Every structure is written in structure tokens, then in C-alpha cells.
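Visitor: My questions all concern the structure below.
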Amino acid sequence: MKYLANVSTLQFFSDKCTGCGRCVEVCPHGVFEMRDKRANLIDRDRCMECGACAKNCEFNAITVNTGVGCAAAIINSLIYGGAPSCDCSGTGSSCCG
Amino acid sequence: MQTTVKFVKKGAPRWVSGAIKTPAGAVSRVSSDWSRTDMLGMIKSRIGAYRMHYTVPPGLYAVGEATRDSDVFVTANYKLSFDIVRRALKGMDAWVLVLDTQSINVWCAAGKGTFGTDELVRQISVARLSEVVGHRRIILPQLGAVGVSAARVNKETGFRVSFGPVEARDIPAYVAAGYKKTKEMSLVKFSMLDRLVLTPMEINPIMKKYPWFAGAVLLLFGLAPTGILFQQAWQGGLPFLALGLAAVFAGAFVTPVLLPFVPFRSFAMKGWITGMLITFLTMQAMGGATGQSALLLAAIYLFFPALSSYIALQFTGSTTYTGMSGVNKELKIGIPLYIITTVVSLLLVVLFKLREWEVL
């Protein structure tokens, strides 16, 4: 399953890549693949902007605007201000579980 | 947090079976089997707010005859996450380090930062893990990587982080393969069953708002120049009440379950399509219950597919593959359309009422 095309903010700077393989290890959607001892960005449209790769790239070769891809969270932040978060707890329930 | 206290009061919970002595003190040993209470807890936490208090005390636990050489697996203190891990470790000797994620599963907690670098560093130190085990390796669930920087954990504790498989059930195969994941093990899936178990939490929140919708519909149809007529409210409103339920069914159940089979990648579009289909089928099933008014028909086919679309869009919060940029894009286009659609359909119904009263 793929979500909307050409929206992900994922950026990969291959010149900074040392080929440690962490991004391949952490990406849940196979966005990166190791080729010739370097990471390769093979399918940006599969990226869900979770940020695991950027957080674990020691060499700052990856940037991405992370955030919750949740309509309720974004609508709440539009109405009540603040950054979108999974905290729907104001209503006594949570989307996460 | 309250349940932490409850467990202590009642004595050891049933999933604890003895303890293992370590240089850092006694560590509770947990069973790998699920009792009926564990099953029931899983079902209840899938349905509603019960999940918010379904927790285990954070800290270190042992499985089997864990020794100084045994692997350390890290998980969240949402009891369902913990239960799935201890079940996956059946027959193995291992340590389980539970982080305090406030009863939230690993992936969501990692997104919030509670399953994070600082909390992991803290629990390693609180459990005195470096005294319990002789090695310096810990295995995290892959999805925890959203909140944990392996490099920083290594710097601050000396422990080297490996991100294991996404699913705990793959742990035995991962260990047997020499701590190597197959590509399959590192991909997050979203099967029909995965989607189906999420639907109660889609239906529940929206049904809490349904009484408001029902009240508005009955008021609107009951309103007459002479006051509120109950029979009219009922006769005119009933089809709308049924269509409202149908839209919830389309947006919160049919769309999630049939997700990959509904055309378009946009959740708003998917929800609109199923909403249109279900609205049409509901209208057929009700026969001529709404009469032949073109105004009402227009309002119905405008409003209810849009409602289903809006509800389906909420499911982006529960999927395993939608990102914020995409949802932002959908909302930017969607919200103005939803507002316009609602206002126009309301106007159409008001127009219908005015005709009925022979004002127009």
C-alpha cells in the first residue's frame, strides 16, 4: 500500500553516507537499500516520515520533517493550536494502542 | 500508574512465576503463556479506553533461566506489548527490559518520545543492567528506532543497540539466524486482520458524536410553524438517521477493512467512494422512505458520502503507512470542501422545509 505520491519531505545526501546500514535496519517501508556499500534511496513515496532513519543516522546524511500522519491530530492542532500530537487524551480516549 | 499500585496490592500478578537472583537483586520471572485474563485484557484494550490503564510496572524481567549471557529485549509497558513479547520468547532464556511509556505501544510511544533514548538510558541504569549481564548488547523492537538514537545510547551506557524485527513473533527466527533480519522481518505490514481489529476504535469515537447529529436531524424535521411535531420529526428524520449510521459504517468500517481494494490513494477519496456506494444501497433498501423531493435527494447525496469521506480520513491516524505531509495535503483540500458540502446540504434541507410550510 502506498500513500500520496511526491509529498514526503525525506532528503538523502549520499555524499555524507558511510554505508553503516542503520537506515536500512530501521526503515519499516524499505525506502533504503544497500548497494555497493552505500545506502540508496530507492522509493521516496513509501516514506511515512516517521523519522527513524534521520534519528539514527550519525552522519547527518538524512533529513525529514517528522510528525504524526493523523487527521484527527492535525485538525486538533488547527483548532486548539500547538503541534499535532497523538494526545487525544482530552476526550478520555487515545488513538494509540 | 494507578494499576502499578494495584498489582503490588494484590501481590504478584499471575504472569509472574518466581524470581531469578542477580548481582543487582531479585528479578521477577514471567511466564510465556497467556491466561484467560490476558486474553480478555487484549480484547478489552482493543475496544476502548481500558487500554489507557493496561500496564505493567516498568523495569527488568526474566524469561526462562536467564543468565549473564542471555539477550536483553526491550519493550513498552503497555501490557499487550509486554504480553506479545513474553509469548514470543517461549522456550528461550532472556531478559525483558520494560520502559515506562505510560501504557502506550512501542511505535506510538516512540513517536511521542516516551519510548526514547533518555528513558532507555534511565531504565538501563535503574535496573543496573551492566551488573545483571556480562555482555553489552540490547535488542530493541525495530519500530522503537523512531524514538531511540542507538548512537547516543551507546555513548551514554556502553550498550550497543540492535534493532530487531518489527514483529515480536519473528524474534526466535531472528536470533536463530545470528541476529540477522530478513527483509520481510523489517517491513511493517497492514493486513486485513490488522485493519479489522482497529475498526472498533474508529467506530467508537464517532458514535459518541452521533447523538448530536440525531438530535439536530430530529429537530430540523420536527420543526413546524406551530412548534415541534414529533410524528413529523420521526417520519422525516428516520431515513437521515439510518443514512448517518450507514456513513459511519462506510467510513469507519468498510473503508479501513477494504482499504487496498478501494480506488485512489487518498483516504478522503476512498471514503467518499464507499460512502457514495453505501448511501446508494441504503437508499435502495429504504425504498421511497425519503419521498421524491429532489432537494432532499441532493442533500443526501452531497452530505453522506462527504461524511463517510471525513470519517475515513480519520483512519490515517491508525495506519502503518501514512505520513504527515500527505495528510496535511488531504486536509488542505478536504476541509473547505467538507464545510461547503455541509452548509449547502443544510440549506437544501431548510429550503425543503420552507416549501413544506408553503412559505416559498
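The values are calculated or read from the model by the stated rules, or taken from the named source; none is laboratory data. Values in this document were obtained by computation on a predicted structure and should not be read as measured data. Positions of Cβ are backbone-derived with ideal geometry, glycine not excepted, and every protein chain shown enters the neighbour counts. Accessible surface areas use protein heavy atoms only, side chains included; no ligands, DNA or RNA. Shrake-Rupley method; radii C 1.70, N 1.55, O 1.52, S 1.80 Å.
Visitor: Each residue of the range B:258-266 in order: what ³J(HN,Hα) in whole Hz does its phi give by Karplus 6.51 cos²θ - 1.76 cosθ + 1.60, θ = phi - 60°, with x for Gly and Pro?
Guide: Going residue by residue, I get 9, 2, x, 8, 8, x, 6, 8, 5 Hz, with x marking Gly and Pro.
Visitor: Tell me what chain B gives for mean residue ellipticity at 222 nm when only DSSP H runs of n ≥ 4 count, each as -39,500 (n - 2.57), the sum divided by the residue total, rounded to 500 deg cm²/dmol.
Guide: Computed ellipticity for chain B at 222 nm equals -16500 deg cm²/dmol.
Visitor: Working from Cα positions, state the angle (0 to 90°, nearest 10) between the long axis of helix A:71-80 and the longest principal axis of chain A.
Guide: Approximately 60 degrees, to the nearest ten.
Visitor: With a 1.4 Å probe on protein heavy atoms only, work out how much accessible surface A and B bury together, total over both chains, in Å² to the nearest 100.
Guide: By this definition, chains A and B bury close to 4000 Å².
Visitor: Under DSSP H, which helices of chain B have Cα atoms covering 15 Å or more of the helix axis and a Kyte-Doolittle average no less than 0.5?
Guide: Once both thresholds are applied, what remains is B:210-222, B:230-249, B:267-286, B:294-314, B:324-356.
Visitor: Considering the Cα positions of the range B:64-197, please state its Rg to one decimal place and its Dmax as a whole number of Å.
Guide: 14.1, 44
Visitor: Could you give me the percent of Cα pairs per 10 Å distance bin for chain A, shortest bin first, beginning at zero and ending with the bin that holds the maximum distance?
Guide: Binned Cα distances yield the sequence 15, 40, 27, 15, 3, 0.
Visitor: Give a residue-ordered list of calculated ³J(HN,Hα) values for the range A:50-59 (Karplus: 6.51 cos²θ - 1.76 cosθ + 1.60, θ = phi - 60°; whole Hz; x for Gly, Pro).
Guide: Once θ is set to phi - 60°, the couplings for the range A:50-59 become 6, x, 4, 5, 4, 5, 9, 8, 6, 10 Hz.
Visitor: Also, quick follow-up: List the residues whose amide H sits under 5 Å from the amide H of B:Ala62, counting only those 5 or more places along or on another chain, with H placed 1.01 Å from N in the peptide plane.
Guide: Result for B:Ala62 returns B:Ser28, B:Arg29, B:Val30, B:Val96.
Visitor: Under the rule of at least 5 residues apart or a separate chain, name every residue whose amide H is placed under 5 Å from the amide H of B:Thr55.
Guide: B:Lys79
Visitor: While we're here: Under the rule of -39500 (n - 2.57) per DSSP H run of 4 or more residues, summed and divided by the residues of chain A, what mean residue ellipticity at 222 nm is obtained, to the nearest 500 deg cm²/dmol?
Guide: Mean residue ellipticity at 222 nm (helix-derived): -5000 deg cm²/dmol.
Visitor: Determine how large the accessible area of B:Ile20 is when every protein chain is in place; take a 1.4 Å probe and give Å² rounded to the nearest 10.
Guide: Using a 1.4 Å probe on the heavy atoms, I get roughly 20 Å².
Visitor: Take every residue in peptide B:327-334, count the Cβ atoms of other chains within 10 Å of its Cβ, and give the average of those counts.
Guide: Taking all residues of B:327-334 together, the mean is 5.
Visitor: Filter the trypsin sites (Lys or Arg not before Pro) in the range B:54-91 to those in DSSP coil with at most 13 other Cβ atoms within 10 Å of their Cβ, and list the result.
Guide: Answer in residue order: B:Arg68, B:Lys90.
Visitor: Report the longest stretch of chain B that contains none of the GluC sites (Glu not before Pro) sitting in a DSSP loop with at most 13 other Cβ atoms within 10 Å.
Guide: B:66-357
Visitor: Using modelled amide H (1.01 Å from N, peptide plane; none on Pro or chain starts), what sits under 5 Å from the amide H of B:Arg160, excluding residues fewer than 5 places away?
Guide: For B:Arg160, the qualifying residues are B:Arg137, B:Ile138.
Visitor: How large is the translational diffusion coefficient of the range B:192-356 in µm² per second when you combine the Kirkwood radius over alpha carbon pairs with Stokes-Einstein at 20 °C and 1.002 mPa s?
Guide: 130 µm²/s
Visitor: Nothing charged except the Cβ atoms of Lys and Arg (+1) and of Asp and Glu (-1): what's the magnitude of the dipole of the range B:2-186 about its Cα centre? Round to the nearest 20 debye.
Guide: 320 debye
Visitor: Taking each residue in A:24-36, count the Cβ atoms of any other chain within 10 Å of its Cβ, then average. What number comes out?
Guide: Counting Cβ atoms of other protein chains within 10 Å of each residue's Cβ and averaging gives 4.
Visitor: Across the range B:177-188, in residue order, what do the Karplus-derived ³J(HN,Hα) couplings come to in whole Hz, using 6.51 cos²θ - 1.76 cosθ + 1.60 with θ = phi - 60° and x for Gly and Pro?
Guide: With coefficients 6.51, -1.76 and 1.60, one gets 7, x, 6, 10, 9, 7, 4, 3, 5, 9, 9, 8 Hz.
Visitor: Computed over the Cα atoms, what is the radius of gyration of the protein assembly as shown divided by 2.2 N^0.38 Å, N being its residue count?
Guide: That works out to 1.14 for the protein assembly as shown.
Visitor: Tell me the carbon and sulfur percent of the accessible area for the range B:154-300, rounded to whole percent, probe radius 1.4 Å.
Guide: Here it works out to 70 percent.
Visitor: Indicate the gyration tensor shape class of the range B:278-360 (rounded, prolate or oblate), computed on the Cα atoms with a ≥ b ≥ c the square roots of the eigenvalues: a/c under 1.5 is rounded; otherwise a/b larger than b/c is prolate and the rest oblate.
Guide: It comes out oblate by the Cα gyration axes.
Visitor: If you don't mind, there's one more thing I want to ask. Residues in the range B:81-112 near a label at B:Thr67, defined as backbone nitrogen under 13 Å from the 7 Å Cα→Cβ point?
Guide: Answer for this model: B:93-94.
Visitor: In chain A, once you exclude exposed trypsin sites (Lys or Arg not before Pro) (DSSP loop, at most 15 other Cβ within 10 angstrom), what's the longest stretch remaining?
Guide: Free of exposed loop sites, the longest segment is A:38-97.
Visitor: From zero outward in steps of 10 Å, how is the percent of C-alpha pairs of chain B spread across the bins?
Guide: Pairs per bin, as whole percents: 5, 20, 24, 18, 14, 10, 6, 2, 0.
Visitor: Accessible area per residue, 1.4 Å probe, Å², for chain B: what's the number?
Guide: With the other protein chains kept in place, chain B gives 47 Å² per residue.
Visitor: Just checking the output field for B:106-115: average partner chain Cβ neighbours within 10 Å of each residue's Cβ?
Guide: Taking the mean over all residues of the peptide, I get 3.
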